[in-house]
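Asks: Mind looking over this structure? Questions follow.
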Amino acid sequence: RQRALLWAVLMAAWEAAWGQLRYSVPEEMPKGSFVGDVAKDLGLQLLEIHDRGIRVVSEGRTQYFALHAKTGHLVTAERIDREQLCESVQQCVLRCELIVEGEMKFYEIDVEITDINDNAPSFKEIELEESISELSVPGARFPLPRAHDPDSGRNSLQSYELSGDEHFSLAVQAGPGGDPEAGFHVLVLGASDGGDPARTGTSRIRVTVLDVNDNAPEFSQSEYTVGLPEDVSVGSTLVTVTATDADDGLNGHVKYSLKAITEKASNIFHLDAESGAIRLVRSLDFEESAYYELEVQARDGGGNYNIAKVMIAVTDVNDNVPEISVRSALSEILEDAPSGTVVALLHVQDRDSGANGQVRCSLDGGVPFQLQSSHSSYYSVVTARELDREQVSEYNVTVRAADGGTPPLQSSAVLALRVLDVNDNAPVFAQERYSARLAENNLAGALVLTVLATDADWGQNARVRYRLSEGRVRGAPLSSYVSVQAETGALYALRSLDYEEVRELWLWVLAEDGGAPALSSNVSVRLLIVDENDNAPQV
C-alpha cells in the first residue's frame, strides 16, 4: 500500500513536471464544484495566479472548467452531462489547458467525468403487441425489444425480467362449439441497471395466439455493409434490406422494423416498414460517430420473424476548417528582445481525421518571426532575430493553417505587435563640422549659428539637448565667450569680441539624448572673428 501511494505521488509529480495533470469528477455536479488543486500541484502561489495572467481554456466551444482566483482550485464552469458528451464511450475525458500568459507556458489537464446512475433503462416503445402461432412449442423464442441505458459500467443495463398478469393465462380456451379460439396474455418486460439504488424501465407486451404459420421470412443477406461519406444528402436511401416468405396471404406478408438501435441512430435513420429501405433523415457527422450497427427484423403476418444486421461505416470528408486559437500573445515587444523571444502561444486543431485533420502552420514571409512546434497541437511564434524599431515599428503577423485534405482547407489569424523603442541610437549632427564668421565689436548676445542634431529613437530617447565642452580662451573659461541654448542648439556670443585679441575660437558642442543611460555625440565649431577698421595708425 505504501509503495502504491509512493508510486502515485511520483507519477503525479512527473506528470506535473511535464505539463500534464489528471483529475476526475462525477457528472452532474453543480457549477463551481471542486475538481483539483491546480495551484498546489503546480507549485503556484495564489498571488501569481493574478499577476502572471493564469487562466483555463477548454477544448471546443464550451468552457467546462475555470480557475478559482482566490483558492487556485480547478472548478466546474457548468453542470456536465456525461451521456451528452460521451455517449457510447467507456471512459469520458475532457481536456483543458492552464495558460500562463506572463511566461507563454501551458499545462495540459485531463479530467475524467465519472458516471452516476442518473438514467433509467428505457424502451423505445412503451407498449407493443406480439402474435404467436397456436402451434408454438415450448422453448420457442420470440424477439423482444432491447432497452437502452446511456449510463456506463454497473450503472448501465444489467438484467431483464419478464412478469405476467394474473388475469390472463397462456392456456388456450375452448369456444362454445369445442373449437379452440385465439387467446392472448399480457406480459411486462422489465430492464434494470446496476446502480445503487437500481433504476428500472418497463414495456408492456400483449401476446396474441394465431393460427399456424410454418415459414419464416428469409433475408437475402444475413449482414448488410454500407460505406458512405459523411456529406451524403439527407433523404438519400442508403440500403434496402429484402426478405421473402414462402407462405401465402397474411402469413407471407413481410414488414420490417428496427429492433436494436440507439436513440442517436433512431434520429438519423428511418426504415420503411413495407419496402425495407433505410433512409437518411438527418445529416451524418463523422466526427460525432463513424460507425452504426442496426438490427433489422423482418416479420410476417403470422408472427414468424428473422433478423439481419446492417453495418454503416461513415467515411470522413474534409468539412472542417483548421481552427487557430490565440491562447496568449504580446501586444508590445522591446526592439532589443533576444532572438527566440516568445510573442504568441497558439493552439491549432482540425476536427477531421487522417490527412484531413493533419494541420500545417506557416507565417507569411517578410517578418522577423518564426514558428516553433511546442507540444501536441501548440505552436509558439518567436523572434528570429533582434528587431529594429527605427526600420519597422509595427508588425501584423499572419499565421496560416492548412489541412491535408484535397483540396486543403485553410484559416488564418493576425497578430498585431508594436515594437517599443530602446535607446540604441545616439544623436547625429546635420553637418560633420560647423564654421561661422563674426565681425568684431559685435553686440553681446549676438547669434553666431545654430547646430542641429537628430535622434532616430522615439519619445524621451529621441529628445536632444545641447551643451558646450568646456575649454579656456586667453586664460578665461570658454563659456564666458559663447553659450549654446540647450533646446534649440543656437550658439550666442556672450561678449563683444576684439579681432586684435582673439582671431578665432575652436569649440565643441555636445548633443545628448534623454535615454537612460544617455547617448551623445559632438561636433566641432570654428568661429572666425572678422577684422574691422577700428584702430588708427600709431607713430
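The values are calculated or read from the model by the stated rules, or taken from the named source; none is laboratory data. Model, not experiment: these values are computed from the prediction. For neighbour counting, all protein chains shown are included, and Cβ atoms are generated from backbone atoms with ideal geometry for every residue, glycine included. Side chains are part of the model used for accessible areas, which takes the heavy atoms of the whole protein and leaves out ligands, DNA and RNA. Shrake-Rupley method; radii C 1.70, N 1.55, O 1.52, S 1.80 Å.
Asks: Round to the nearest 10 and give me the degree value, 0 to 90, for the angle of helix 2-17's Cα axis relative to the longest principal axis of the chain.
Replies: Roughly 50 degrees, rounded to the nearest 10.
Asks: Still on this model: Can you divide the C-alpha Rg of the stretch 428-530 by 2.2 N^0.38 Å and report the result to two decimal places?
Replies: 1.12
Asks: Another question, if that's okay. For Leu46 and Val188, compute 0.36 nm times the residue count separating them, minus their Cα-Cα distance, and round to one decimal in nm. Mind showing how you got there, number by number?
Replies: On the way: separation 142, 0.36 × 142 = 51.12 nm, distance 5.93 nm.
45.2 nm is the gain from fully extending Leu46 to Val188.
Asks: Can you list the residues, at least 5 places off or on another chain, whose amide H is less than 5 Å from the amide H of Arg463, using H built in the peptide plane?
Replies: Placed amide hydrogens put Gly514 under 5 Å from Arg463.
Asks: Another question, if that's okay. Which order do Lys31, Lys309 take by accessible area at a 1.4 Å probe, largest first?
Replies: Most to least solvent-accessible, the answer reads Lys31, Lys309.
Asks: Protein chains only, probe 1.4 Å: how do Arg433, Arg299, Arg327, Arg467 rank by accessible area, largest first?
Replies: Result, largest first: Arg433, Arg467, Arg299, Arg327.
Asks: Let me spell out the model: positive unit charges on the Cβ of Lys and Arg, negative unit charges on the Cβ of Asp and Glu, origin at the Cα centre of the chain. What dipole size does that give, in debye rounded to 20?
Replies: My answer is approximately 2000 debye.
Asks: List the chymotrypsin sites (Phe, Trp or Tyr not before Pro) in the stretch 473-539 that DSSP assigns to loop (not H, G, I, E or B) and whose Cβ has at most 16 other Cβ atoms within 10 Å. Which are they?
Replies: Loop-located and lightly packed - none at all.
Asks: Express in Å², to the nearest 10, the accessible area of Phe369 obtained by rolling a 1.4 Å probe over the protein heavy atoms while all chains stay in place.
Replies: 20
Asks: Let me ask another. Roughly what would the spin-label model give for Val232 and Val392, points 7 Å off Cα along C-beta, in nm?
Replies: Taking the two extended label points, one gets 5.1 nm.
Asks: How much length, in nm to one decimal, is gained on full extension between Arg141 and Leu371, taken as 0.36 nm per residue of separation minus their Cα-Cα distance?
Replies: Contour length minus Cα-Cα distance gives 76.2 nm.
Asks: Which FRET efficiency value, to the nearest 0.05, do you get for Thr454 and Ala384 by plugging their Cβ-Cβ distance into 1/(1 + (r/R0)^6) with R0 = 35 Å?
Replies: With a Förster radius of 35 Å, E is 0.75.
Asks: If you don't mind, another one. Can you tell me how much longer the chain between Glu101 and Asp214 gets when fully stretched, taken as 0.36 nm per residue apart minus their C-alpha distance, in nm with one decimal?
Replies: 33.1 nm
Asks: Something else about it: So what are the ³J(HN,Hα) numbers for the stretch 459-475, from phi and the Karplus equation (6.51, -1.76, 1.60; θ = phi - 60°), rounded to whole Hz, Gly and Pro as x?
Replies: Calculated HN-Hα couplings, in order: x, 4, 5, 9, 7, 9, 10, 10, 7, 8, 7, 5, x, 9, 10, 6, x Hz.
Asks: Would you pull out the residues with amide H under 5 Å of Leu238's amide H, same chain only if 5 or more places away, H placed 1.01 Å from N?
Replies: Distant-sequence amide H within range of Leu238: Ile278, Arg279, Leu280.
Asks: Consider all pairwise Cα distances in the chain and report the whole-number % of them above 29 Å.
Replies: Of all Cα-Cα distances in the chain, 73 percent exceed 29 Å.
Asks: Would you work out the charge dipole size for the stretch 323-420 about its Cα centre, treating the Cβ of every Lys and Arg as +1 and the Cβ of every Asp and Glu as -1, and quote it to the nearest 20 debye?
Replies: 260
Asks: Given the rule -39500 (n - 2.57) for each run of at least 4 DSSP H residues, summed and divided by the residues of the chain, what is its mean residue ellipticity at 222 nm, to the nearest 500 deg cm²/dmol? Could the numbers behind the result be given before it?
Replies: On the way: 5 runs with 35 residues, N = 539.
The helix-only estimate for the chain comes to -1500 deg cm²/dmol at 222 nm.
Asks: A further question follows. Compute the orientation-averaged projected area for the stretch 323-420 from the convex hull of its Cα atoms and round it to one decimal in nm².
Replies: Dividing the Cα hull surface by four gives the mean projection, 6.0 nm².
Asks: Calculate the FRET efficiency for Leu128 and Gln63 from the Cβ-Cβ distance with a Förster distance of 41 Å, rounded to the nearest 0.05. Before the final figure, lay out each step's value.
Replies: Working: r = 43 Å, r/R0 = 1.06.
Efficiency for this residue pair is about 0.40.
Asks: Of Asp41, Asp513, which has the most accessible area with a 1.4 Å probe, and how do the rest follow in descending order?
Replies: Details: Asp41 65, Asp513 10 Å².
Solvent-accessible surface, decreasing: Asp41, Asp513.
Asks: Can you give the accessible area of Ser480 in Å² (nearest 10), computed on protein heavy atoms with a 1.4 Å probe?
Replies: 40
Asks: On to the next question. Work out the charge dipole of the chain with +1 on the Cβ of Lys and Arg and -1 on the Cβ of Asp and Glu about the Cα centre, then indicate which of Leu128, Pro138, Ile261 is farthest towards its positive end.
Replies: Ile261
Asks: Computed over the Cα atoms, what is the radius of gyration of the stretch 218-315 divided by 2.2 N^0.38 Å, N being its residue count?
Replies: 1.11
Asks: Next up: Mind checking the log10 I(q)/I(0) for the stretch 277-375 at q = 0.17, 0.20, 0.23 Å⁻¹? Debye, one equal scatterer per Cα, no solvent, two decimals.
Replies: -0.93, -1.09, -1.26
Asks: If you check each cysteine of the chain for another cysteine whose beta-carbon is under 4.7 Å away, which ones come up empty?
Replies: Result for the chain is Cys96, Cys361, no neighbouring Cys Cβ within the cutoff.
Asks: I want to check the label-to-label distance for Ser88 and Ser353. Put each point 7 Å from Cα in the C-beta direction and report it in nm to one decimal.
Replies: Result: 1.1 nm between the two label points.
Asks: Give me the distance between the Cα centres of the stretch 279-311 and the stretch 407-451, rounded to whole Å.
Replies: Distance between centres, Cα-based: 79 Å.
Asks: State, to one decimal in nm, how far the label point of Glu532 lies from the label point of Met311, with both points 7 Å from Cα in the Cβ direction.
Replies: 11.4
Asks: Please list, ordered by chain and number, the residues whose modelled amide H lies under 5 Å from the amide H of Gly194; skip anything fewer than 5 residues away on the same chain.
Replies: So Gly194 has HN proximity to Asn155, Ser156, Gln158.
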